[in-house]
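*Asks:* Here's a structure for you.
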Amino acid sequence: MIEMLVGLNVSNDEHYALYRKGMTPLLTAAGGGFGYDFKVSEVLINKSGNEINRVFTINFPSNEVMKTFFSNPEYLEIKAKFFEGSVLETTIISSYEKNE
């Protein structure tokens, strides 16, 4: 399993919630999911310099499944409609293989 730890700077919680609502069924159908999801108010150390107010883990069965998911035209349509207007910055904090 491949898991990523992601930090976002969400500027519009309502639109971001619509993004999550639209993309989650696609993620689930691909065998992926979210492990943790936090809204954060204070970041003490930040190597990227990007603002972060949301941190979550997202996982996929494999790298191939992850790449296919993120290039899926249906996902890209949802992303363009809701994510791009609601998230100012994205930081991939880490990506790793996880054994369950």
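Any read-out appearing in this document is the output of simple, stated calculations on the displayed coordinates, not a laboratory observation. A quick note: this is a predicted structure, and the numbers were derived from the prediction, not measured. Reconstructed Cβ throughout: ideal geometry from the backbone, glycine too, with neighbour counts over all protein chains shown.
*Asks:* Using modelled amide H (1.01 Å from N, peptide plane; none on Pro or chain starts), what sits under 5 Å from the amide H of VAL87, excluding residues fewer than 5 places away?
*Replies:* SER11
*Asks:* Sequence neighbours fewer than 8 away in the same chain don't count; with that in mind, list the lysines whose C-alpha is under 29 Å from LYS81.
*Replies:* In chain and number order, the partners are LYS21, LYS39, LYS67.
*Asks:* Would you grab the residues whose amide H sits under 5 Å from the one on GLY35? Only those 5+ places off in sequence or on another chain, please, with H modelled 1.01 Å from N.
*Replies:* THR57, ILE58, ASN59
*Asks:* Then there is this: Take LEU8, LEU44, LEU27, LEU76 and order them by how many other Cβ atoms sit within 10 Å, fewest up front.
*Replies:* With the fewest neighbours first, LEU8, LEU44, LEU27, LEU76 line up as LEU44, LEU76, LEU27, LEU8.
*Asks:* Still on this model: For a paramagnetic label modelled at 7 Å from the Cα of GLU89 toward its Cβ, which residues of the stretch 1-15 fall within the zone defined by backbone nitrogen distances under 16 Å?
*Replies:* Label zone hits: 6-12.
*Asks:* Which number do you get for Rg(Cα) / (2.2 N^0.38 Å) in the stretch 2-97?
*Replies:* 1.05
*Asks:* Determine ³J(HN,Hα), in whole Hz, for all residues of the stretch 18-35 in sequence, where each value follows from phi through the Karplus function 6.51 cos²θ - 1.76 cosθ + 1.60 and θ = phi - 60°; x replaces Gly and Pro.
*Replies:* 5, 4, 4, 4, x, 8, 4, x, 5, 4, 4, 4, 7, x, x, x, 9, x
*Asks:* What's the FRET efficiency of VAL40 with ALA80 using the Cβ-Cβ distance as r and R₀ = 22 Å, to the nearest 0.05?
*Replies:* Result of the calculation: an efficiency of 0.25.
*Asks:* May I pose another question? Count charges around VAL6 for me, please; just the other residues with Cβ under 15 Å from its Cβ, Lys/Arg as +1, Asp/Glu as -1.
*Replies:* +2
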